[in-house]
Amino acid sequence: MNMPDAKRKPMISIRGLSKTYAGGAGVPALNNISIDVAAGEFLVILGPSGAGKSTLLRCINRLVDPSEGQVFHNGAEITAHRGDLRAIRRQFGMVFQQFNLVKRLSVLNNVLTGRLGYRSAWRSLLYSFPEADKRIAIECLARVNMDHKAFQRADTLSGGEQQRVAIARALAQQPMVILADEPVASLDPKIARQVLGYLRQSAQELGITVLCNLHQVDYAREFSERVVGMSRGAVVFDGPAAALTDEILHRIYYREPGEAEKEEA
Amino acid sequence: MSALAFDAAVTSTLAEASRQRGARLVRALIWAAAAIAVLWFTGAQIGMNPVALLKGMPFMADFFSRMFPPDLSHLRLLGDATLETVQIAVWGTLIAILLSIPFALLGAKNTTPHPVVFHATRMFLNALRSINELVFALIFVSAVGLGPFAGVLAIALHATGMLAKFCAEEIEGVDRGPIEAMQATGAGRLQVILFGIVPQVIPAFISYSIYRFDVSIRAATILGLVGAGGLGFSLIKTMKLFKYHETATCILVIFVIVFVSDWVCARIRARII
Amino acid sequence: MQALAERKRWRLHHIALAGVVVAFLAWCAEGVGLRPKELAGALPAIGEYFYRMAPPKWEFAEVLWKPAVETLYIALWGNVIALIIGLPLGVLAASNVTRSATLRNAAKAVLNLLRSVSELIWAVFFVAAVGLGPFPGALALGVNFGGILGRLYAEALENIDNGPVEALAATGAGRLQIIAFAMLPQALPQFVTYNLYWFEVGVRSATVLGMVGAGGIGFELVTTIRLFEWRETGVVLLLILAMVTIIDFASTWIRARIY
């Protein structure tokens, strides 16, 4: 397995991560995954749907609890952390396939929800945020070029615009890492490239590490230096985007259930 | 964008945000003031009075305490009334189902023979809906005499209004695709209704009919208050005679009926859908 | 061969079932005195009854204004009380909001209790507690509708899109913040729709509360019916019809504007 640039300290280190869902008939969604992601890297996790990409991201910010293995963030283990989950989660921005904006709230309020993790419950329940938070939110909106629509309701926006707002919400957390789960799967190609462009550019400018799930090879080649290929819950490739040969792609997309065991042996 | 222009854009949006928030706050305050004024005025008009409620607590407690323990020997006498309650609901709903089918077809825009018929039907159905079962029961009791028969008619009429309107709206909301396909094959109007519309509407209609039966059971438990049969008669009679232990038994039985019908209806609906 | 036997059995099954249903219906009909002859006799009697209402005695409307308006107020306050009772209980009863099953089931039990006792029976209680008048009427409506609305609120909360909830959890928002920013905004239009609808129902229910002395137009209705003042009864019924129709229109108008 390719190790990332050893000079850079890993931002995220995943060690032997496995997850089997209750009721999943014993088939693991993740099977002994180990990956290192360097600070500032734009990593694409490539694989067909059902490969376990979503579960992997959700194990990092603990929306899903892994069955085995560890995740280290900046050297600190976060899988075993039993205390304040909020403190962990706010360090990871997340972007979803379905955007997951609160449709009836304004764009600005949606972005401000990215600040909730830093604020106590009582004041925010009145939808009142400190001036500093508003500035952060509007700056993040400006980064994805959506500040001119700050006061519209989220459901008046197109899909691409909604996803840009969702990216702004993730940025507003001032995270060290953004986890993007199929961010462009519901968008047409032109808009998809635009949205990925905004994601990569703002991450670069702010020095944020990105783990981005994709299932389209073109985008992976276009937007990332390094690609991790997943199939049936296991990592089957880890290397530069340029090294994605047809043979490797076949392994990612068309691997039969039996082949996993053969490869391990 | 230069850093300077970026900052300027952010600052102006921020100013706009605080302006909008201020405007929203004012609007919210105006609405809140209006709501409080309306509630205050109407509350005063109907004598809403929390103090009276607090003062009434001992009376309520007294009322309840006199109901306990429920006189279970009274159950023996409630058997017939209980069955009657269910029977009223069964026939009331059944008649409503039968009546509501033609009314729904006449009162749906896409199946009505004529707009005049449509409006007349909708108006009639609205009239049926807006008059409570108990009002119908009162009228029927004085028209055809005391007893469950008046109760059946009362439930039937009110439920017809409800069911037919619901069904008419379902008919108006059917998927046009299959209907156009049938018209393209040269099917007649009646055939289109029978094979294009009815199958699409049936599941919702059945589901709503079952829900209506559940509602009718509840309604049937109080029809007796005006002499239209069922448990309500025992309820009001025992209360007027201050036999609160027996009243409690009546309420207990009503509970059981409502729960059982709720449970059974939910089960049937879940199986059908 | 086997398929044929199967089908035959299936048909027998259905015939038997139909027989049972018919027998049950006949038994019910007998129990409630529903016979063709009675029905034939009843329809003319009812027709005659309504015929006697014409022409309505319009002067009577003057007496009715006050109780009619009172009916609306009772419905309004019934709804407000229902909201106050139903909202917290509904939130507690929603499975995606309340994690504790004990708390959830307790809330559901209370809602069921409030729901299954008719508003008229509640009215009798409250009249006993606070005296005659519209106040106990509003309380009775509020308690019964609180039970109904609470359950509907809970269902509306359970049916929201879980995506934004997950997204907010991922930002590190706390439980209360998730409820306030992701759950309530999504369920709110449903809440308003239910409240408007039950306001309509409330007006219809409030028209009978007067029968047990709990205010509203029901008292006049009962009195005119009992005294066989058909033409006055006609006016009351028309007034109720007009009120409910207007409210129906108004709530459709409002509903169209909240989404």
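The residue list A:27, A:136, A:248 was ranked by how far each Cα lies along the charge dipole of chain A toward its positive end, using unit charges on Cβ atoms, and A:136 comes out on top.
Comparing mean-square fluctuations of A:217, A:228, A:195 from a GNM of chain A with C-alpha springs under 10 Å, the top value falls on A:217. Spin-label model, residue B:180/residue B:202: points 7 Å from Cα along the beta carbon direction are separated by 2.5 nm. The shape of segment C:1-155 can be summarised by an equivalent ellipsoid whose semi-axes, obtained from the alpha carbon gyration tensor, come to 42, 35, 13 Å from longest to shortest. With an a/c value of 1.5 or above and a/b larger than b/c for the gyration tensor axes a ≥ b ≥ c computed over the alpha-carbon atoms, chain A is described as prolate.
Taking θ as phi - 60° and the Karplus parameters 6.51, -1.76 and 1.60, the scalar couplings of segment A:141-147 work out to 4, 5, 4, 9, 6, 10, 5 Hz in sequence order, x denoting glycine and proline. Would you please state which residues of segment A:230-247 a label at residue A:200 would reach in this model, taking the label point 7 Å out along Cα→Cβ and a backbone N cut-off of under 12 Å? Of the residues in segment A:230-247, A:241-242 have backbone N under 12 Å from the label point off residue A:200.
Beta bridges per DSSP, both residues in the protein assembly as shown: antiparallel share near 55 percent. Using a/c under 1.5 as the rounded threshold, could you call chain C rounded, prolate or oblate? The axes a ≥ b ≥ c are square roots of the C-alpha gyration tensor eigenvalues, and prolate needs a/b larger than b/c, oblate otherwise. Oblate, because a/c is 1.5 or more while a/b does not exceed b/c. Placing pseudo-labels 7 Å out from each Cα toward the beta carbon at residue B:268 and residue B:45 gives an inter-label distance of 4.2 nm.
Based on the convex hull around the alpha carbon atoms, segment B:153-242 presents an average projected area of 6.8 nm².
Within the straight-line cut-off of under 16 Å between alpha carbons, the aspartates and glutamates reachable from residue A:134 are A:147, B:7, B:16, sequence neighbours fewer than 8 places apart in one chain being disregarded. Sequence-distant contacts, meaning Cα pairs under 8 Å at least 6 residues apart, place the relative contact order of chain B at 24 percent. Taking amide H as placed 1.01 Å from N in the peptide plane, the amide H of residue A:94 sits under 5 Å from that of A:179, each at least 5 places away or on another chain. Per residue, the average separation of C-alpha pairs within less than 8 Å and at least 6 apart gives chain C a relative contact order of 25 percent. Here the contact order of chain A, divided by its residue count and restricted to Cα pairs under 8 Å and six or more residues apart, works out to 26 percent.
Note on residue B:243: aspartates and glutamates with a C-alpha under 20 Å away, same-chain residues under 8 apart excluded, are B:62, B:71, B:80.
What is the helix-to-structure angle for A:189-206, meaning the angle in degrees between its Cα long axis and the longest Cα principal axis of chain A, kept from 0 to 90 and rounded to the nearest 10? Roughly 80 degrees between the two axes. For chain C, excluding the exposed loop sites themselves (trypsin sites (Lys or Arg not before Pro), DSSP loop, at most 15 other Cβ atoms within 10 Å), the longest remaining stretch covers C:100-259. Between the listed residues C:41, C:56, C:126, the Cα displaced farthest toward the positive end of the dipole of chain C, a dipole computed from Cβ unit charges relative to the Cα centre, is found at C:41. If you run the Gaussian network model on chain C, springs between alpha carbon atoms under 10 Å, then out of C:82, C:156, C:109 the most flexible one is C:109.
The string of couplings for segment B:39-55 from the Karplus curve (6.51, -1.76, 1.60, θ = phi - 60°) is 5, 4, 4, 5, x, 5, 4, 9, x, 5, 8, x, 5, 4, 5, 5, 5 Hz, one whole number per residue in order, with x for Gly and Pro.
For segment A:108-214, the alpha carbon positions stretch 41, 30, 20 Å along the principal axes, listed from largest to smallest.
For the protein assembly as shown, a crude dipole built from +1 on the beta carbon of Lys and Arg and -1 on the beta carbon of Asp and Glu, taken about the Cα centre, is about 700 debye to the nearest 20. Students often get this wrong: which residues of segment A:34-50 have the backbone nitrogen under 20 Å from the point 7 angstrom along Cα-to-C-beta of residue A:243? Residues A:34-48 fall inside that zone. Estimate the FRET efficiency between residue C:40 and residue C:250 by the formula 1/(1 + (r/R0)^6), using the beta-carbon distance for r and 56 Å for R0, to the nearest 0.05. The pair residue C:40/residue C:250 has a calculated efficiency of 0.85. Across all directions, the average projected area of the convex hull around the alpha carbons of segment C:152-199 is 3.1 nm². Across the protein assembly as shown, how large is the tail of the calculated P(r) beyond 41 Å, expressed as a percent of all Cα pairs? Here the long-distance tail beyond 41 Å is 49 percent of all Cα pairs in the protein assembly as shown.
Taking θ as phi - 60° and the Karplus parameters 6.51, -1.76 and 1.60, the scalar couplings of segment A:130-137 work out to x, 3, 4, 5, 5, 4, 4, 4 Hz in sequence order, x denoting glycine and proline.
By the rule of a C-alpha distance below 17 Å, with chain neighbours fewer than 8 residues away ignored, the aspartates and glutamates paired with residue A:53 are A:36, A:65, A:68, A:181, A:182, A:238, C:166. Structure remark: mean-square fluctuation, Gaussian network model of chain A, C-alpha springs under 10 Å; the largest value among A:179, A:157, A:101 belongs to A:157. The base-10 log of I(q)/I(0) for segment C:114-218, evaluated at q = 0.23 Å⁻¹, reads -1.07 [Debye formula, identical scatterers on Cα atoms, solvent excluded].
Close amide H partners of residue A:129, meaning residues 5 or more places away or on another chain with modelled amide H under 5 Å apart, do not exist here. Over segment C:165-259, the Kirkwood radius and the radius of gyration, each from Cα atoms, give a ratio Rg/Rh of 1.29.
For residue A:18, nonlocal amide neighbours, meaning residues 5 or more places apart or on other chains whose placed amide H falls under 5 Å from its own, are A:32, A:33, A:67, A:68, A:69. All C-alpha pair distances within segment B:178-223, sorted into 5 Å bins from zero, spread as 5, 20, 17, 12, 11, 10, 8, 8, 5, 3, 1 percent across the bins.
What FRET efficiency would be calculated for the residue pair residue B:190, residue B:169, taking the C-beta separation as r and a Förster radius of 25 Å, to the nearest 0.05? The value I calculate is 0.70.
Just so you know, all these numbers are worked out from the coordinates, no wet-lab data involved. Quick caveat, the model's predicted, so the values are computed rather than measured. Cβ sites come from the backbone with ideal geometry, for glycine too, and all protein chains shown count toward neighbours.
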